[in-house]
Amino acid sequence: MKISQFYSKKVLQHFYHPKNVGEIKNPDGVATVGNPVCGDVLQLFIKIGKKGNKEFIKEAKFLTLGCAAALATSSMITTMVKGKPLSEAEKITNQAIAEALGGLPKNKLHCSVLAAEALEKAIANYRQKTKK
Amino acid sequence: MRKIYSDRNKLVYLDHAATTPVSAEVLKAMSPYFGKYFGNPSEPHQWGQQAKTAIEQAREKVAHFLGAKTSEILFTSGATEAINLAHKGLIENQKLPHIITSSIEHKAVLETCKHLEKLGWAKVNYLPVDKDGLVKIDDLEKTIRPETILVSIMYVNNEMGAIQPIVQIGQLLKKINAKRKQKIYFHTDATQAIQYLDCRVTELGVDLLSLSGHKFYAPKGVGVLYFKKGTPLVRQQDGGEQESRLRAGTENVPYIVGLGKAIELVQKNKVSSAKYVEKLRDKLMAGVLQIPGVKLVGDFKKNAPHIATFLVKGAEGEAMMLLLSDKGVAASSGSACTSGLLEPSHVLLAMGYQPEEAHGSLRFSLGKDNTEEEIDEVIKVLPTIVQKLRRMAPKL
């Protein structure tokens, strides 16, 4: 994986102009990961739609407290999953997020881990809700 | 990279505690020593002697500034090297020496001490600080042992500006030293104090003092170690006979000349520049503290006039710094040396702040060329930036 010393152009773009910031009222799935002691908290909201039998992520939004990398990875994951079938979205790894951002500095790779974890947990939250 | 930043007409540099630009006068003084007077100062021919004379003139300026003898001034590559030499050079001939330092020192001191501990060459105590970031004299006195050989306390903290009680520590050690066999040597890293505080070594009562040129408009890569006559230093960089056989290697002549010029200018303007910078700092503080959920780190009455560090609730420091940078304002979050790590500033934690508070730290450090208009600009853009980040944060 590409490890950059400074932030890539893509990271800065997403940081300065983040996509899908905000809360989804009555989300189908939501997850909060990280904690303020570590410096990053990421909250991910998803809304699920159906095309025939296939579930897909209709909407994804985030709220994040954290550094430029935390905000950029949050923004990136929402753009990556939006419109994707659930079965594909859940395969997104932290490496894929970092790569989509043109690499991350080594000490910021945990931000991509956090974003992947948020997605996994938001989907799990949705599954749990629909099971009942 | 530039392209993605917003348009801006004016840049406001408020990161002088990180580094300063080389001033025009300093650059002018340096420039003949790259080409015209390029000789090796160790050579007795006229080329060498011209360079040697220039170094000795710079040494006189530094000695004059510190109230020291020229034989007590060593030129180094910066404060970090000066600190390494002071610590390692002092303990080398001692059997299991004990060092006392503070928990808020710069990495140059902390890492040097940790290295010595790891090698088993010294025992080290790291003194705590109070809520204003000050070392307490009582704590220091209680920590002294028979084998204590070095007390190393910074003059001004680089992350939040607290002025440590150097004069009082000097007096205490003088009193204690009169009654004991093993002298306790006193080192202070005065890197952040040079421009605005009294740095005369006899007033401070120090045996060793380190400083770095690039914090006061000299170039990066040159610094000084003052060592009081009789301080048993062993050189750490072996080689030639330079710098009284205490720091081998051909002298960095143009940079030494630059440092000499810069310290001369500091001496000339010290009182007025301290007052000027303090006025700007007070204005900045009044403006920034208008933002709800923002507090100043430490007590400004106990701080050096050029540093103001704030804790902003609900916004992360690096994010604030980069958004400010986009608006053409340079600030810093915690110490630049700390930001490569994930732990929040060791200084803020030592002062008793919680990690979640420390992540929201933002440091502004002023310099002689800043103006009131620039401060107005910062006061104007910062609230919007804080608001933007708070709006993006989860409501927990």
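None of the figures in this text is laboratory data; all of them are computed from the coordinates on show. This one's a predicted model, so the numbers in the text were calculated from it and none came from an experiment. Cβ atoms come from the backbone with ideal geometry, glycine included; neighbour counts cover every protein chain shown.
Quick look at the numbers
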| item | result |
| --- | --- |
| Per-residue [θ]222 nm for chain B (sum of -39500 (n - 2.57) over DSSP H runs n ≥ 4, rounded to 500) | -12000 deg cm²/dmol |
| Sequence-distant residues sharing a close amide H with A:Asp40 (under 5 Å, placed H) | A:Asn35 |
| Exposure proxy ranking, count of Cβ atoms within 10 Å, fewest first, for B:Asp132, A:Asp28 | B:Asp132, A:Asp28 |
| Highest to lowest packing among B:143-150, B:175-182, scored as the average C-beta count within 10 Å | B:143-150, B:175-182 |
| Axial C-alpha extent at least 15 Å, average Kyte-Doolittle at least -0.5 - helices from chain B (DSSP) | B:79-91, B:166-177, B:253-288, B:372-392 |
| Shape category assigned to the protein assembly as shown from the gyration tensor of Cα positions, a/c cut at 1.5 | prolate |
| In order through segment A:86-95: 3J(HN,Hα) via Karplus (6.51 cos²θ - 1.76 cosθ + 1.60), integer Hz, x for Gly, Pro | 4, 4, 7, 4, 6, 8, 5, 9, 5, 4 |
| Coil-residue GluC sites (Glu not before Pro) of segment B:237-296, DSSP, other Cβ within 10 Å capped at 13 | B:Glu241 |
| With eigenvalues of the C-alpha gyration tensor scaled by 5 and rooted, segment B:24-265, Å | 32, 19, 15 |
| Selected from B:Thr76, B:Thr53, B:Thr20 as most flexible by GNM, with chain B as the system and alpha-carbon contacts under 10 Å | B:Thr53 |
| Helix-derived mean residue ellipticity, 222 nm - over chain A, DSSP H n ≥ 4, -39500 (n - 2.57), to 500 | -13000 deg cm²/dmol |
| Net charge of Cβ neighbours under 13 Å - reference B:Arg59; Lys, Arg +1; Asp, Glu -1 | -1 |
| Ranked B:Leu289, A:Leu101, B:Leu197, B:Leu265, criterion: other C-beta atoms within 10 Å, fewest first | B:Leu289, B:Leu197, B:Leu265, A:Leu101 |
| Partner chain coverage, peptide A:6-13 - average Cβ within 10 angstrom | 2 |
| For B:Ile291, residues with placed amide H under 5 Å, excluding near neighbours | none |
| For residues of A:37-45, the mean tally of beta carbons on other chains within 10 Å | 4 |
| Amide proton proximity set for B:Val222, modelled H, under 5 Å, gap of 5+ | B:Gly213, B:His214 |
| J(HN,Hα) series, segment B:150-159, from Karplus relation 6.51 cos²θ - 1.76 cosθ + 1.60, nearest Hz, glycine and proline x | 9, 10, 10, 10, 5, 7, 10, 6, 6, 8 |
